[in-house]
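Notes for the one structure printed next.
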Amino acid sequence: MAKNDITLSALVSAFAALVLAGLSGTPLYVSFFALFLEPVSKDLGWSLAVFPRGLLAFSVTFAIAAPLAGWLSDRLGVRATLIAGVALTTAGLLGVSLMSGALAPLIGCSFLIGVGSALVGVTSLASSVAGHFEKGRGLAMGIVFGAGPMLAAAAFSPIVSSSIAALGWRSAYQGLAIIGGVVSFVMVLALRKPPLANAGVPGMPMGRNPEAGDDLRMALRRRSFWLIFAASMLLPIVFGGVSGHIVAIAAENGLPASIGAAMLSTAFLSGVFGPIVAGAAIDWLGRPQALLPFVAAPLIGLLLLLTKGSVPAYIAGSALIGLGFSAWSGQTALLITRYFGLRATGAIVGIIFATGGVFLGLGPVIVGFLRTTTGNYQSALWLSIGLQAVALLFVALLGPFWIKATGRELVDRPVEPAVVANTFN
């Protein structure tokens with residue numbers, strides 16, 4: 001079989017990874033947060049500023065655990081790492097459903113979900129998926145890491161909303177925990193070892209192993225790493241802040257909760273297509289600048305949310321915000337494999353996604369603080385526009401890829417301005 005043919009093993013593993021990405025703690029806890037915010041707060045007697053502390057605890061924990069998850073995955077194997085992550089995520093979600101009003105259980109359960117999400121996230125799955133696909137890697141990783149979580153969020157948002165209304169928020173969390181845990185465990189068993197699984201073995205000469213690439217120390221010295229890092233810091237603040245308060249933003253402008261839920265579902269549904277289209281664009285163009293239209297789209301979406309009570313504008317704005325963020329988050333792992341190879345994919349992805357996880361959780365806190373201090377969401381939306389514009393600039397400054405779409409290393413790597421001298425030591 002030709003080297004670039006897509007095998008049955010690759011398709012099975014890609015599907016399993018897609019389901020795992022869609023049922024990890026990040027989608028189940030973070031994506032549905034806006035639906036649970038008011039019911040949980042009202043039932044437990046909390047203000048709207050208390051429950052987001054759990055989200056922040058989750059994000060900080062995720063940030064600490066994600067690099068470790070990448071290291072464990074690179075050394076101990078993907079399957080063992082994923083099983084531990086599924087168990088911790090399930091336990092954390094069940095714990096959230098049993099909260100009685102004290103803050104400590106919320107923080108503790110968020111800690112479990114944060115660690116579990118790191119172990120089941122892109123940090124563990126990226127090298128597995130990348131190892132199955134050489135040509136078309138952008139499309140494959142876009143589908144798995146972008147479309148998977150967004151599709152799950154879009155599909156289950158109406159179901160979760162209805163479950164909260166009919167059964168209560170506790171039962172809704174228990175359903176997410178049990179269904180997500182069982183299905184995820186089955187998908188872990190379905191994963192197959194990729195043919196390029198040993199492509200990143202340390203010590204193998206890079207000239208003889210095109211996909212070996214940089215180790216972590218080398219990657220940290222490159223400008224492309226820090227541009228990706230900076231964009232991954234700003235974009236989650238915008239998406240996390242807006243999506244976490246999107247139901248309340250709609251309510252502030254006189255729209256019912258059903259419209260807010262529809263806006264949230266629309267953001268996630270559009271996010272299904274963002275990473276797929278962006279991945280295909282990167283594969284075709286062969287440059288990271290293919291992402292620029294997608295990173296620019298939320299600027300228009302945020303401006304539309306500044307309108308007063310226009311349902312079509314709010315729906316369209318939500319779609320553009322979801323499209324743009326998912327395109328970036330779904331293709332970040334691809335950028336890493338194209339700039340740095342597969343040698344230290346888990347560790348590099350872990351650092352980048354840890355950063356994103358922290359600021360994804362910080363976003364709702366910042367927006368909530370501005371809402372409380374100013375009495376409306378206008379200042380928060382304008383801040384989001386500014387942050388999105390700066391992130392767009394960082395993406396525009398990215399240079400050409402090192403690893404070609406064929407999987408071959410460029411003989412003469414494009415010179416990047418080094419952050420630290422002696423880049424190739």
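The values are calculated or read from the model by the stated rules, or taken from the named source; none is laboratory data. Model, not experiment: these values are computed from the prediction. Reconstructed Cβ throughout: ideal geometry from the backbone, glycine too, with neighbour counts over all protein chains shown.
A few comments on the model shown:
- Members of region 152-178 found to be closer than 21 Å to Ser117 by Cα, modelled with pLDDT of 90 or more and either among the β-branched types (Val, Ile, Thr) or not in a helix (DSSP H, G or I) (or both), listed by number: Ile178
- Among the residues of region 242-262, those that are over 17 Å from Ile164 (Cα atoms) and part of a loop (DSSP other than H, G, I, E, B) comprise His245, Asn253, Gly254, Leu255.
- Residue satisfying all of: in region 150-180; within 27 Å of Asp43 (Cβ to Cβ) and under 19 Å from the mean Cα position of the chain (by Cα); surrounded by the fewest Cβ atoms within 10 Å (Cβ to Cβ) among these: Ala155
- Qualifying positions in region 141-167 - touching a residue at least 60 places away in the same chain (Cβ under 8 Å) and more than 23 Å from Phe273 (Cβ to Cβ): Ile164
- Count of residues meeting criterion [in a helix (DSSP H, G or I) and modelled with pLDDT of 85 or more] in region 370-409: 23
- So Leu20, is it part of a helix (DSSP H, G or I), touching a Gly at 6+ places or on another chain (Cβ under 9 Å) and modelled with pLDDT under 90: yes
- Odd one out for Phe185 among (1) at negative phi; (2) surrounded by fewer than 21 Cβ atoms within 10 Å (Cβ to Cβ); (3) modelled with pLDDT under 80; (4) of a type outside the set (Asp, Glu): (3)
- Condition broken by Phe58, with the remaining ones in (1) modelled with pLDDT under 80; (2) under 23 Å from Ile352 (Cβ atoms) satisfied: (1)
Table: residues versus (1) more than 18 Å from the chain's Cα centre (by Cα); (2) in contact (Cβ under 8 Å) with a residue 60 or more places away in the chain; (3) surrounded by fewer than 18 Cβ atoms within 10 Å (Cβ to Cβ).
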position	(1), (2), (3)
Ala87	yes, yes, yes
Met99	yes, no, no
Gly116	no, yes, no
Val120	no, yes, no
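- Residue in region 54-62 that is surrounded by fewer than 17 Cβ atoms within 10 Å (Cβ to Cβ) and farther than 17 Å from Val349 by Cβ present: no
- Filtered residues of region 294-350 (kept if in a helix (DSSP H, G or I), among the β-branched types (Val, Ile, Thr) and without any contact (Cβ under 8 Å) to a residue 60 or more places away in the chain): Ile300, Val311, Ile315
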